Amino acid sequence: MTSTGVAVTFALLTALANAAAVMMQHVATTAGNHRGWSWVRHVVRHPLWLLGWLGMLGSLVFQAVALHAGPLSLVQPLLVSELVLALVLRRLWRRQRLSARAWTSAAVTTLALATVLMVTDPHGVAHAPTRAAWVTTTVASALAVVVLVLVARGAGPVRRAASFATATAVLWALEATFIKSATDVLVAGGVGGLLTSWPLYALVVAGLGGLTTEQLALREGPLRVSQPLIVIVDPLVSVLFGVGLFREHLAPGWGVAVVAGLAGAAVCAGVVVLTTAVPESLVPEALPETPRSD
């Protein structure tokens, strides 16, 4: 298998592992009528909650392999497929009856994403960013996150969710750059080299920051606001990091830009519709309500 094939395969495995982990932990945390410490004891003993953590660990390993094999600007956009794979898991595992609107938006998202990646053809040789490039990227990302968190203060629920979700996307894109660098260090210098290198610890900080802002986004406002922003902004920022930090290349030309722009808009529309067309509950046989027209 070529390096591109490895990158695509493991990026899709990352998306699948993420989708499965989120669903397993959602089922575990919403099972029963437990409250307080009883809920905590119930959750940590639930097999699906533990499997969910294994799924998250697996997704991290898969993502590391994908980013080592391929460019950031190819791998990160493919993670959008997590939403589509979650839809399949809802049907096959939870036996949910999902609306035609959900399946149509999933198909549009998949085809549009494939179009974007085919016409832009992300590629690039291995490039080690300079120290100045790392500092500039990290500082700019940190400043963006601080501004977004400040914007969320005193705002309404929708604005708070949007701000925290965008901050999450920036942190996850930055985390992906650290994963890529840390994996390269691991391959070149082994575990000893990894433990004495800064990307590992930068990865931990960015990961914890992303988890914090994600939880704030989910707590402060509706899921229909936070989830699309995280899913859309993460790959966009990742492409910028890939091109600016790792010197990755996209196919040039106005024609490519126009087709990619239209397909990218279709991806965004598909993600927005998909996140609003599925029920928040994972109860089997749930069918999302069809909005009534007045």
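The values are calculated or read from the model by the stated rules, or taken from the named source; none is laboratory data. This one's a predicted model, so the numbers in the text were calculated from it and none came from an experiment. We place every Cβ from the backbone using ideal geometry, glycine too, and count neighbours over all the protein chains shown.
Observations, loosely collected:
- All positions within the range 200-224 that are closer than 14 Å to VAL149 by Cβ and among the β-branched types (Val, Ile, Thr): THR212, THR213
- Of the listed requirements (1) touching an Asp or Glu at 6+ places or on another chain (Cβ under 8 Å); (2) buried (at least 21 other Cβ atoms within 10 Å of the Cβ); (3) within 30 Å of LEU245 (Cα to Cα), GLY124 misses just one: (2).
- Within the range 244-276, the only residue that satisfies the criterion of being aromatic (Phe, Trp, Tyr) and surrounded by fewer than 17 Cβ atoms within 10 Å (Cβ to Cβ) is TRP254.
- Of all residues in the range 5-33, those that are modelled with pLDDT of 90 or more and either polar (S, T, N, Q) or within 13 Å of the chain's Cα centre (by Cα) (or both) total 8.
- For the range 187-198, the criterion of being among the aliphatic types (A, V, I, L, M) and buried (at least 20 other Cβ atoms within 10 Å of the Cβ) is satisfied by no residue at all.
- Selection from the range 188-209 of residues that are in contact with a Gly (Cβ under 9 Å, 6 or more places away or on another chain) and in contact (Cβ under 8 Å) with a residue 12 or more places away in the chain: SER197
- Considering ALA269, ALA176, the condition of being in contact with a Phe, Trp or Tyr (Cβ under 8 Å, 6 or more places away or on another chain) and closer than 27 Å to ASP121 by Cα is satisfied by ALA176 alone.
- Condition check for ARG131: in contact with a Lys or Arg (Cβ under 9 Å, 6 or more places away or on another chain) and surrounded by fewer than 14 Cβ atoms within 10 Å (Cβ to Cβ): no
- For the range 98-141, the set of residues classified as aliphatic (A, V, I, L, M) and either more than 30 Å from TRP254 (Cα to Cα) or touching a Cys at 6+ places or on another chain (Cβ under 8 Å) (or both) consists of LEU98, ALA100, ALA102, ALA132, VAL135, VAL139, listed by residue number.
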